[in-house]
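The structure appears right after this line, and notes come after that.
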Amino acid sequence: MPLDDRHDEKCSIKEFVNRRREIFLLGLSTETHKDEIKNFHLDVQNKESRLKDKEACWLEKKNRFNSITKELNRRIEEATKRLNDQFQIRSEKELELKRLSRQARMIEARLEQKNKVEEFLCANKVSIAPEEERFELGSLR
C-alpha cells in the first residue's frame, strides 16, 4: 500500500472518528436539551398547578367575603328597619305625650277657672246649687 493511501486512510479514520465524536456530542447536547425542556415543562406544570390552587383559594375567599358582605347588608337592613320602626313609635309617643300634655293643661285651666269661680261664690256667699241641694246644705251646716 502506498504511503498516500495510508495517509488518506489515517485521515479518513481521523475524519470518521471526528464525525463520530461530533455526532456523539450532538446527541449528548440534544439529550441535554431534551432534559432541560422536560424540566421546564415540569416547572410549568407545577407552577400552573400552584396557580390553579391559589385561584381556587382566592375564589373560595371571594365567595366567603361575598356571603359575609350579604349577611352584613342583611343585618344593616334589619337594624335600619328596627331603628325606623323605633323612631316611628317614638314619634307617635311624643305626639301622644304632646296631646295629653295639651289636654292636661286644658283640664288644669278649667279646674283653675272653676276654683276661681268657686272662691268668688264662696267669698260672696252665693250658691248655685238647686233649691233641694241648698236645703240639704243648709241643714248640714
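Would you point out which residue out of Phe65, Phe135 is modelled with pLDDT of 95 or more and among the aromatic types (Phe, Trp, Tyr)?
Result: Phe65 is the single residue among Phe65, Phe135 that is modelled with pLDDT of 95 or more and among the aromatic types (Phe, Trp, Tyr).
Take Lys10 and tell me if it is out of contact with any strand residue (DSSP E or B) (no Cβ under 6 Å at 6 or more places or on another chain), at pLDDT below 95 and either of a type in the set (D, E, K, R) or outside any helix (DSSP H, G or I) (or both). Spell out how you get there, then give the answer.
Working: out of contact with any strand residue (DSSP E or B) (no Cβ under 6 Å at 6 or more places or on another chain): yes; at pLDDT below 95: yes; either of a type in the set (D, E, K, R) or outside any helix (DSSP H, G or I) (or both): yes.
So Lys10 passes the test.
Would you say Glu118 is under 44 Å from the mean Cα position of the chain (by Cα) and either in a helix (DSSP H, G or I) or modelled with pLDDT of 95 or more (or both)? Judged against the criteria, Glu118 is not a match.
The values are calculated or read from the model by the stated rules, or taken from the named source; none is laboratory data. Keep in mind that what you see is a predicted model, and the values were worked out from it rather than measured. All Cβ positions, glycine included, derive from the backbone under ideal geometry; neighbour counts span all protein chains shown.
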